[in-house]
Amino acid sequence: MTVTTELNVSELLEKASAKTGLSDFGDDWFREPLDVLVHSLNTEAALSPLGYELTKHRLTALLADRLRLRALQRAEPSVLDVEVRVAAEICGLPRTGSTLLHRLLSASPQVTSTLSWEVAYPLPFPGEGPDAERRKRRAQERMRVFSQLSPDFGDLHTVVWDGPEEDVILLDRTFVSMSFDSFYWVPAYGDWLRSADQRPAYRELREWLQVLQWQNPGRSLPWVLKSPHHLTAVDTVLAEFPACKIVMTHRSPVNAVPSYASMVRAMSSQYSDNADPVLIGRYWSRRFADTLQDFATARADRPDRFVDVRFADTVSKPLEVARQVLDALGLPAGPADDAAFEAYLEQNRTERHGSHSYAPEDFGLSEDQLRRDFAFYSEVYL
C-alpha cells in the first residue's frame with residue numbers, strides 16, 4: 001500500500017520547533033535541498049504507511065538537530081573555534097572495501113573517526129553527562145529496530161553501534177546526502193544532488209566535527225572519515241579540508257554496482273512496498289558512471305591529493321595496505337599501529353558476515369554492459 005498523504009515542509013519545520021522549543025535554524029540555505037527532497041519523496045518514493053511515518057519522524061529529528069546545533073553554538077561560542085584536521089576521506093564506489101579499510105585505519109592510535117552512536121546522536125541530551133550513556137543506549141535501541149525492519153541487512157553490511165561509521169550521516173542534517181537516494185526511490189533528488197553546490201553542506205560538516213571534538217577536549221587527532229558520497233563533491237572536500245587526501249578504493253564495477261543495488265533494494269524496502277530492482281540497478285549504474293566521469297576531471301587538477309587502494313589488496317593483505325595508507329597520509333605506522341590493526345582484524349572475524357548473493361541480471365544489468373559503461377574507469381584503475 002502507498003500512502004496518499006504528502007509530507008509538508010512547513011509542518012516538518014513546525015514540528016521540529018515544537019519538539020525542541022527552538023526556532024532559529026540558522027542560514028536557510030538548507031531549504032532548497034529539503035524542498036527538493038520532500039518533493040521527490042511525495043512524487044516518486046511510493047512510501048508505505050510505515051515508511052511515511054518513519055520518514056516524517058526522521059526528517060523532523062534532522063531538523064531538530066539543526067535547531068539544537070545553532071542553540072549550542074550560541075550558548076558555547078568556543079565550539080566554533082575548535083580546530084578540525086581531516087587527514088583522509090575514504091571514498092570510492094560502495095562495496096569496494098572502503099568499510100574494512102576505514103575500520104582498520106580507525107583502529108590506529110594516530111587518528112580518530114566518527115562512531116556510529118555519535119553520528120546518530122551528535123548533540124548531548126539535556127542533563128547528560130560526558131559519558132553520553134543515554135545516547136549510546138538510544139543508539140543500541142535504534143540498531144535493534146533497524147535490524148527488525150531489515151533482517152537481511154546484516155548480511156550486506158555489518159554495523160556496530162560503537163564502531164566507526166560514515167560521516168555522511170552527519171551530512172544528512174544538511175539534506176545534501178547520498179543517504180536519501182539510497183534509502184528511497186528519489187531519482188529527481190539524486191540528479192539534483194550531483195549538480196548542487198555542496199559547499200554549505202561541507203562547511204556544516206566541519207561544524208559537526210567541531211561539536212564532536214568540543215565534547216571531548218582530548219580528541220585532537222586528525223580525522224579519518226569515509227563515505228562514497230564524497231565522490232559527488234571531491235573539489236569541495238579538498239577545498240574545505242586543505243590537509244585532507246582522498247583515499248580512493250577500487251573494485252570492478254561489474255561486482256560493485258549490482259552489489260550496491262542489492263543493498264539499496266534491502267534498505268528501500270523498509271520504506272516502500274514497490275522497490276523495483278531493475279529501476280534501482282539502472283539508476284545506480286548511470287549515477288556511478290556519471291560520478292566517476294566527474295571525479296576523473298577533479299582528480300586531474302590535484303593528483304597529489306589522492307591515494308589509490310585496490311579491493312583485492314585490502315582483502316588479501318589488509319595490514320600492508322593500512323600501513324601504506326598511513327604512510328601516504330604522513331602518519332608512518334609503528335608497532336602500536338600494527339598491534340591495533342591486528343586487534344581489529346581479530347574482532348572483525350567475530351562479527352557477523354553473512355552470504356550475499358546477487359547477479360547483474362537481477363537488477364536489469366549485464367556484465368557486458370557494465371564493462372562497456374565503466375571501461376573509462378577500469379582501464380585506468382584496475
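Quick notes on this structure:
- For the range 206-320, the square roots a ≥ b ≥ c of the C-alpha gyration tensor eigenvalues yield an a/c of 1.5 or more together with a/b exceeding b/c, which makes the shape prolate.
- Debye equation applied to the C-alpha atoms of the range 134-235, log10 I(q)/I(0) at 0.19, 0.24, 0.25 Å⁻¹: -1.17, -1.39, -1.42
- DSSP loop trypsin sites (Lys or Arg not before Pro) with at most 14 other Cβ within 10 Å: longest gap in the chain: 1-218
- Computed over the range 1-44, the ratio Rg/Rh where both radii use C-alpha atoms and Rh is Kirkwood: 1.04
- Taking the chain and dividing mean pair separation by its residue count, relative contact order in percent (alpha carbons under 8 Å, at least six apart): 26 percent
- For the range 164-242, size of Cβ-based charge dipole, Lys and Arg +1, Asp and Glu -1, in debye: 200 debye
- One decimal place: the segment Glu6-Glu53 gains 15.8 nm when fully extended, by the rule 0.36 nm per residue minus the C-alpha distance.
- Lys, Arg +1 and Asp, Glu -1 on Cβ, resulting dipole of the range 229-311 about Cα centre, debye, nearest 20: 240 debye
- Using alpha carbons only: equivalent-ellipsoid semi-axes of the range 1-153, gyration tensor based, whole Å: 28, 24, 17
- With a Cα cut-off of under 26 Å and a minimum spacing of 8 residues unless on different chains, the lysine pairs in the chain number 9.
- For the chain, built as a Gaussian network whose Cα springs stay under 10 Å, the top-fluctuating residue of Ser366, Ser113, Ser285: Ser366
- Scattering from the range 272-362 was approximated by placing one identical point on each alpha carbon and applying the Debye formula without solvent; log10 I(q)/I(0) at 0.14, 0.26 1/Å stands at -0.87, -1.24.
- Each Lys and Arg contributes +1 and each Asp and Glu -1, all at the Cβ; summed about the Cα centre of the range 43-152, the dipole is approximately 200 debye.
- The range 67-190: Rg to Rh, with Rh as the Kirkwood radius over Cα pairs: 0.97
- Over the chain, the Kirkwood radius and the radius of gyration, each from Cα atoms, give a ratio Rg/Rh of 0.94.
- Global form of the range 230-382, assessed from the alpha-carbon gyration tensor, a/c cut-off 1.5: oblate
- Prolate is the label for the range 1-88, because the ratio a/c of its alpha-carbon gyration tensor axes (a ≥ b ≥ c) is 1.5 or higher and a/b is greater than b/c.
Bear in mind that the values in this text are calculations on the coordinates, not laboratory data. Worth saying up front: this structure is predicted, and the values here are computed from it rather than measured. With ideal geometry, Cβ positions are generated from the backbone for all residues, glycine too; neighbour counts draw on all protein chains shown.
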